[in-house]
Amino acid sequence: MPLWSVTGGKELKGSLEIQGSKNAVLPILAASVVGGGVSRITQSPMLRDVDASLEILRHLGCGVMQNRGEILIQSDGMDQNRIPHALMLKMRSSVMYLGAILARCGEVRLSAPGGCELGSRPIDLHLKALKALGAEISESGGEVCCRAKKLTGAHINLDFPSVGATENVMLAACAAEGTTVLTNAAREPEIADLQRFLNAKGASIRGAGSPEIRIDGFSPKPYTEHSVLPDRIAAATYLCAAAAAGGDVRLTRVIPEHVETVLTALRQMGCAIVVDQDGIRLRRDGPMHAARPVITRPYPGFPTDAQALLMAASLRAEGTSVFVENIFESRFRHVPEMRRLGADVRTEGRVAMVCGVKTLLGAPVTATDLRGGAAMVLAGLSAEGETRVFDSGHIERGYERFDECLGAFGAEVKRLEAPQE
Ligand code: EPZ
């Protein structure tokens, strides 16, 4: 079990190239089974969630080769349509195989996915949408079975712009006869990256990034290449790290537009930010001011995945910052851990109030989930002394070489192994 030792009080300086996007590569790995063939994926982040998805692909009978950020998948040999519970539990994105395997095989069996505990996280919108395409859905023994002799294009309106449900419709509708029109679709940049991959693979999809996506069938291509989008949440993490600790950092291989809302918040808090063709530069040498109300919303609103990260940067800011978490019902599990460092954070339902304090003191804390865990490392960077973040493996699900990347800015972060009890 990793233990992150963070020694705070040091300003950050330096430059870092941003990893490939976890939330883009995971649906793309599932999509590699649609229509068979060979897929070569580059700029893939090296993460525990990627390993879990490759394990699923091997279980399904696909050939998988990996050389660091380059992955080759041969899915012609796929001979399974069921994913065992243990593999499903490893990450939320295993649910992407629902639409992908249904499109490939006409039948799929899997159990409810795992992933960060951010609330109930049902898949009702996914199932409702697949039913609209003509799938029969049955549930027994904790397993969902989706079966369709034939999928037929339909107009599907999502009750909520769910990222996962949008991606599953795009995957399943590739095998549907006729046109599928998906409205109130999620608009996250990862959706557009999935559209790019599927179109390169032989699909005809347009509209990703807008609330309306049209899917018009699929003529499979034997070979597909795709370079994964940079990770906007990883970029937000390193920007918030520099804001929390102070300093002068530059991020490269990043798409500024994708982190616009985070940049706006950090500018309002007193960071000097320059965006140019090479990337983003952030300097913070004066005091931080409290954040204006931070209200999480679906893209292009402020991302829920950056809520804990910006909160970590606001703990020593002058004044009171307010956070409203609209996407997940329990995404403040990092708050009690922040209080252990001496932070003054109060919560009431989906609202958190952060009263800036002068000093934070290092202490042993726990990583409660992926972004909450990263936020505790960031809080440790702005605390005096050592903070030890006990982590049951959350952080490495989404961050590649987290200690080395922060080390590129001169941060004192070590990845240790927690002593066995
Ligand atoms: C994706 O999760 C991301 N994960 C999450 O990032 C991110 O927080 C989330 O989108 C929102 O931006 C990946 O892309 C792998 P949703 P997803 O379906 O698809 C409710 C991270 O830290 N809902 O948009 O699971 C749901 O409970 C992770 O990288 C239903 O009620 O998110 C939630 O409250 C954490 N029924 C809301 O919608 C459904 O069928 C948004 O969920 C589906 C969702």
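Rg/Rh for region 143-230: what does it come to with C-alpha atoms and Rh from Kirkwood?
Values: Rg = 12.8 Å, Rh = 13.3 Å.
Rounded to two decimals, Rg over Rh is 0.96.
Once the piece of chain linking residue 329 and residue 297 is laid out straight, how much longer is it, given 0.36 nm per residue of separation minus the C-alpha distance between them?
On the way: separation 32, 0.36 × 32 = 11.52 nm, distance 1.29 nm.
Working it through step by step, the gained length comes to 10.2 nm.
I'd like the FRET efficiency for residue 285 and residue 89, computed as 1/(1 + (r/R0)^6) with the beta carbon distance as r and R0 of 60 Å, rounded to 0.05.
Working: r = 45 Å, r/R0 = 0.75.
Efficiency, from the Cβ-Cβ distance: 0.85.
Using DSSP loop states and a limit of at most 11 other Cβ atoms within 10 Å to flag trypsin sites (Lys or Arg not before Pro), what is the longest stretch of the chain containing no flagged site? Could the numbers behind the result be given before it?
Details: sites that count: 68, 149, 150, 358.
Result for the longest clean stretch: 151-357.
What is the distance, in nm, between label points placed 7 Å from the Cα along the Cα-to-Cβ direction at residue 348 and at residue 65?
6.0 nm
Any chance you could count the Lys pairs in the chain whose alpha carbons are under 19 Å apart, treating pairs 8 or more apart or on different chains as valid?
9
Past the 20 angstrom mark, what percentage of all C-alpha to C-alpha distances in region 61-120 do you count?
On the way: 644 of 1770 pairs.
Everything past 20 Å amounts to 36 percent.
For a paramagnetic label modelled at 7 Å from the Cα of residue 117 toward its Cβ, which residues of region 389-413 fall within the zone defined by backbone nitrogen distances under 20 Å?
389-398
Kindly write out, for region 25-36 in residue order, the coupling ³J(HN,Hα) from the Karplus curve 6.51 cos²θ - 1.76 cosθ + 1.60 (θ = phi - 60°), rounded to whole Hz, with x marking Gly and Pro.
These are the phi-based 3J(HN,Hα) values: 5, 5, x, 5, 4, 5, 5, 5, 8, 5, x, x Hz.
Please go through region 272-354 and write out the GluC sites (Glu not before Pro) that DSSP classes as loop and that have at most 16 other C-beta atoms within 10 Å. Show your work: numbers first, answer last.
Details: sites: 318, 325, 329, 337, 348; in loops: 325, 329.
Answer in residue order: 329.
What residues of region 282-313 lie in the reach of a label at residue 159, counting those whose backbone N is under 19 Å from a point 7 Å from the Cα along Cα→Cβ?
Answer for this model: 298.
7 Å from Cα along Cα→Cβ at both residue 212 and residue 15: what's the point-to-point distance in nm?
Modelled inter-label distance: 4.4 nm.
Expressed as a rounded percentage, what relative contact order does region 31-77 have, with Cα pairs under 8 Å and six or more residues apart? Spell out each step's value before the answer.
Values: 63 pairs, mean separation 23.3, N = 47.
Computed value for region 31-77: 50 percent relative contact order.
Out of all DSSP beta bridges in region 237-349, what portion is antiparallel? Express it as a percent rounded to 5. Show your work: numbers first, answer last.
Numbers: 10 of 14 bridges.
Taking every DSSP beta bridge with both residues in region 237-349, the antiparallel ones total about 70 percent.
If N is the number of residues in the chain, what value comes out of its Cα radius of gyration divided by 2.2 N^0.38 Å? Can you show the working numbers first?
Numbers: Rg = 21.4 Å, N = 421, 2.2 N^0.38 = 21.9 Å.
For the chain, the normalised Cα radius of gyration comes out at 0.98.
Run the numbers on region 164-256 and let me know its relative contact order in percent, using alpha-carbon pairs under 8 Å that are six or more apart.
Details: 117 pairs, mean separation 23.7, N = 93.
26 percent.
Every number here is computed from the coordinates shown, using simple stated rules; none is lab data. In this text the structure is predicted, and so the values were computed from the model without any measurement. Please note: Cβ atoms are built from the backbone with ideal geometry, for glycine as well, and neighbour counts cover all protein chains shown.
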